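Everything below concerns the one structure shown next.
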Amino acid sequence: MAVKQVLVYPDSRLKEICAPIVSFDEAAEQLLQDLVDTMVDAGHSVGIAAPQIGALRRAAVVDVSKSKLGKKQENHGLLQMVNPEIIEKEGSQVVREGCMSVPEYTGNVTRSESIVVQFLDQNQQRQIIRTEGFEAIAIQHELDHLDGFLFLDRVSSLKTDLFRRKQK
Amino acid sequence: MQHFALTIIGRDRPGIVSQVTEILFQGGFNIADSSSSILGGQFSMILIISNPKIATQEEFSDAFKPLEENNLSVFIRTLKPGGEIRPEQEGDLCMISVYGADKPGIVFQVAKELGDRNINITDLNTKLVGDKQNPVYVMMLEAMLPVDTEIEVVENWMEALKQRLQVDISVRSLVVMEL
């Protein structure tokens, strides 16, 4: 068990593109465990990506099953993902997101409604899952971290956006 | 450090933000929070500012004279100690949409219903849309519910108001996904 410190912007590591995990060695296993431990320790968190704990490698964990909102929807429980990739996206939804690495700020972000994601799980098995709703949002948010994107890069509207269109 | 609220309003045109912030920057001010928008044809700015070297508004109010000369109105409010800190609020956020044929009192009656029940409006936009023959009023707000208030209860209150005001109202919970 190793709970790591969650990096907070402007730590430059949060803006890096992470490298794929080529060999699924002990270090990779340890990284997944650290991610799970840190996510659990952070109480409110439903996911965390490797760069948030300073590891610039393509791994992330998501578990929406413990959150108030995620509980109400179908979900896959704890997902430990190595080299995850979104291979299909459908629809779009606007959600207000916050992030442990950008405290005290939230913004409206447009995300795909449903996604198909493939990854290697903790047992080195290739998984392909289809998911939607909160879990899909969480996965998109965490995978963005692997490419150096924060939700701040995805904010799609200010609160008053509604009134900006079609000014006569 | 002493904080001030600065409000600036004037006919919209390019360059207002630049002119205002140049004065602040040259004067050594920090902008802590700010929000600006176009209302009608007016660009309006509200900023919470501070400057470690300045304790009273008399020390810097003259710096905004060039803005007044450019037809911008400037108002400065000296905050009480701690007035720059947003208090921690517990409770669920909800979003309420109110819209209907324009008539007097929509904003007031919705706000009164919420205020009387200790629901805290944290964001509010209203706009008159439609055309002269059929003016439509739109009001969108975000509000923080008291800890023990469920969204269904708010929906019931709004249902009653909807009948009384003859407008459409919808309430939904606004979930912030902490990731």
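The values are calculated or read from the model by the stated rules, or taken from the named source; none is laboratory data. Bear in mind that the values here come from a model prediction, so they are computed numbers and not experimental data. Note that we place each Cβ from the backbone using ideal geometry, even for glycine, and neighbour counts take in every protein chain shown. Remember, those area values only see protein heavy atoms, side chains included, never the ligands or the DNA or RNA. Shrake-Rupley method; radii C 1.70, N 1.55, O 1.52, S 1.80 Å.
Search the stretch A:17-70 for residues being among the basic types (Lys, Arg) and assigned to a loop (DSSP other than H, G, I, E, B), and hand back the single one that is farthest from the other protein chains (Cβ to nearest Cβ).
By that ranking, first place goes to A:Arg58.
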Among the residues in the stretch A:77-84, are any open to solvent by 20 Å² or more (accessible area, probe 1.4 Å), on the phi < 0 side of the Ramachandran plot and in a loop (DSSP other than H, G, I, E, B)?
yes
Which residue, of B:Glu159, B:Glu142, B:Glu155, is assigned to a helix (DSSP H, G or I), surrounded by 14 or more Cβ atoms within 10 Å (Cβ to Cβ) and not β-branched (Val, Ile, Thr)?
B:Glu155
Test of understanding: among B:Ser18, B:Ser37, B:Ser44, B:Ser73, which residue is farther than 27 Å from B:Leu141 by Cβ and of a type in the set (Gly, Ala, Ser)?
B:Ser18
Is it true that A:Leu146 is within 14 Å of chain B (Cβ to nearest Cβ), among the aliphatic types (A, V, I, L, M) and closer than 18 Å to A:Leu14 by Cβ?
yes
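Every residue, every condition in (1) touching a helix residue (DSSP H, G or I) at 6+ places or on another chain (Cβ under 9 Å); (2) surrounded by 12 or more Cβ atoms within 10 Å (Cβ to Cβ); (3) more than 13 Å from every other protein chain (Cβ to nearest Cβ), yes or no:
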site	(1), (2), (3)
A:Gly91	no, no, yes
A:Arg111	yes, yes, no
A:Val117	yes, yes, yes
A:Gln140	no, yes, no
A:Leu158	no, yes, no
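What do you reckon, is B:Leu165 farther than 26 Å from A:Thr106 by Cβ, open to solvent by less than 30 Å² (accessible area, probe 1.4 Å) and away from chain A (no Cβ under 14 Å)?
Yes.
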Condition (residue is surrounded by 14 or more Cβ atoms within 10 Å (Cβ to Cβ), within 21 Å of A:Ile137 (Cβ to Cβ), of a type in the set (D, E, K, R) and in contact (Cβ under 8 Å) with a residue 40 or more places away in the chain) applied to the stretch A:58-65: is it met by at least one residue?
yes
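For (1) on the phi > 0 side of the Ramachandran plot; (2) β-branched (Val, Ile, Thr), each residue gets a yes or a no:
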residue: B:Ala5; (1), (2): no, no
residue: B:Ile54; (1), (2): no, yes
residue: B:Asn71; (1), (2): yes, no
residue: B:Gly105; (1), (2): yes, no
Taking the conditions exactly as written (within 12 Å of chain B (Cβ to nearest Cβ) and surrounded by fewer than 17 Cβ atoms within 10 Å (Cβ to Cβ)), does A:Glu104 satisfy them or not?
yes
